[in-house]
Each structure stands twice: as C-alpha cells, then as structure tokens.
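The values are calculated or read from the model by the stated rules, or taken from the named source; none is laboratory data. Source: prediction; values computed, not measured. In this analysis, Cβ positions are derived from the backbone assuming ideal geometry, glycine residues included, and neighbour counts consider all displayed protein chains. Accessible surface is based on the protein model in full, side chains and every heavy atom, while ligands, DNA and RNA are left aside. Shrake-Rupley method; radii C 1.70, N 1.55, O 1.52, S 1.80 Å.
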Amino acid sequence: MMKGQYFSFDAIIASVIFVMALVALLSYWHSVKSYLDYQNDDLSREAIRVSNLLFTPPSPSPAVSCDTINRFGMSFTWDDRRLDPGIIACASGKDQKWLQEKLGSAYPLVINITEFSQPNSPVITLGGTIPQPPSGKMDIVKIRRAATIFNGTSGEAYPAYIDLVMYNNK
C-alpha cells in the first residue's frame, strides 16, 4: 500500500524538475534570440564597427594634422591601443560630417570622451550634438567602451569612457 505514495511523490518531483528545465531552456532561447536580433540591426552593426575602429591608429600614421587623416582612429599604433590626446584634441574641432566621412559611416554619430584624470573632468565631444528629430522618431544606439588616454607630457595614462552615440532619423 505504501508504494503508491512513493510513486506519486516521485512524479511530483519529476514534474517540478521538468518545468524548471523547460523554463531555463525558454529563457536561454529568448536571450539568444534577442542578442541575434540586436546584432542583425544595421545601425547596431555599424556602431560596433565604428567603436572598434576608434581603437586603431589613424591613417596615415602618425597623423601630422587632422587635415591629412584619411581614416580616423585614436590610438598610437596597432600595438599600443592607448588613445592619443593630440588626435582627440584636433578632432574635437571638427564637425560631424568630417567625423562621419573619416570613419566611413553612413549614419551620423557623436563621440563623448569622459576623462578621469581629475575630479569633475570635462567631457570631450567629437561630432557636435544629436539634433532633435522633426517627427520625434529616431533610432539610437549607444555603446560605452573603456579606454586609456596617454598623457605624453607627464608620462601617465589615465582611464576614460568613450560613449559612441549613433542615430538614424526615421
């Protein structure tokens, strides 16, 4: 007579394990699907490409001035990925069209560099500001990357955030 009670207890435990496995599988599937949808968006792929391009040296390297740059990048060399403050300073005076052309992007973009060399360090903006869309509809992709900026005069390197904002008016 007691065998039926043990069997029902086993069935309850097995059902709970099955439901937990099913929930875990569906959760994993949903997260992978969301990630793939994010990767397949043209604007997202372009933002990832441009954020990687920022950590390359400019072409031709070393850049004498911003007027001689064919392809924009902010690092010193391919081996030294620290950011060059001279390139950042000369690019901060350029407009959004120049930045978009030098990065080879079809979408307008803005780059904000937040330095942590001192408390309340200023934010350096490359490419101006994001305009307000007339219709109120805009696709925006924001990517934040950590970087190291080398200060050649003091010989120190300090951390910074690079915030890339790429947008497309609908």
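Kindly count the pairs of lysines across the chain whose alpha carbons are less than 26 Å apart, treating pairs on different chains or eight or more residues apart as eligible.
So the count works out to 13.
May I ask you to derive the FRET efficiency for Ser121 and Leu53 from their Cβ-Cβ distance with R0 = 25 Å, giving the value to the nearest 0.05?
Efficiency computed from Cβ-Cβ geometry: 0.55.
Three principal axis extents, largest first, for the C-alpha atoms of the stretch 1-102, in Å?
Each principal axis gives a Cα extent; for the stretch 1-102 these are 91, 27, 18 Å.
Could you work out how far helix 42-53 tilts from the main Cα principal axis of the chain, as a 0 to 90 degree angle to the nearest 10?
Once rounded, one gets 60 degrees.
For Phe18 and Ser65, calculate 0.36 nm times their separation in residues minus their Cα-Cα distance, and state this gained length in nm to one decimal.
Contour length minus the Cα-Cα distance gives 10.5 nm.
Between the helical axis of 3-40 and the dominant principal axis of the chain, each derived from Cα atoms, what acute angle in degrees is found, rounded to the nearest 10?
The helix 3-40 is inclined about 20 degrees to the chain.
Express the C-alpha Rg of the chain as a ratio against the empirical globular expectation 2.2 N^0.38 Å, rounded to two decimals.
1.59
Rolling a 1.4 Å sphere over the protein heavy atoms, what is the accessible area per residue of the chain, to the nearest Å²?
64 Å²
Return the calculated 222 nm mean residue ellipticity for the chain, to the nearest 500 deg cm²/dmol, obtained by summing -39500 (n - 2.57) across DSSP H runs with n ≥ 4 and dividing by the residue count.
Helix-only estimate at 222 nm: -12500 deg cm²/dmol.
Placing unit charges on C-beta atoms (Lys and Arg positive, Asp and Glu negative, everything else neutral), compute the dipole magnitude of the chain about its Cα centre in debye, rounded to 20.
340 debye
How large are Rg and Dmax for the stretch 39-88 when only the alpha carbon atoms are used, in Å?
When restricted to the Cα atoms of the stretch 39-88, Rg and Dmax are 12.1, 38 Å.
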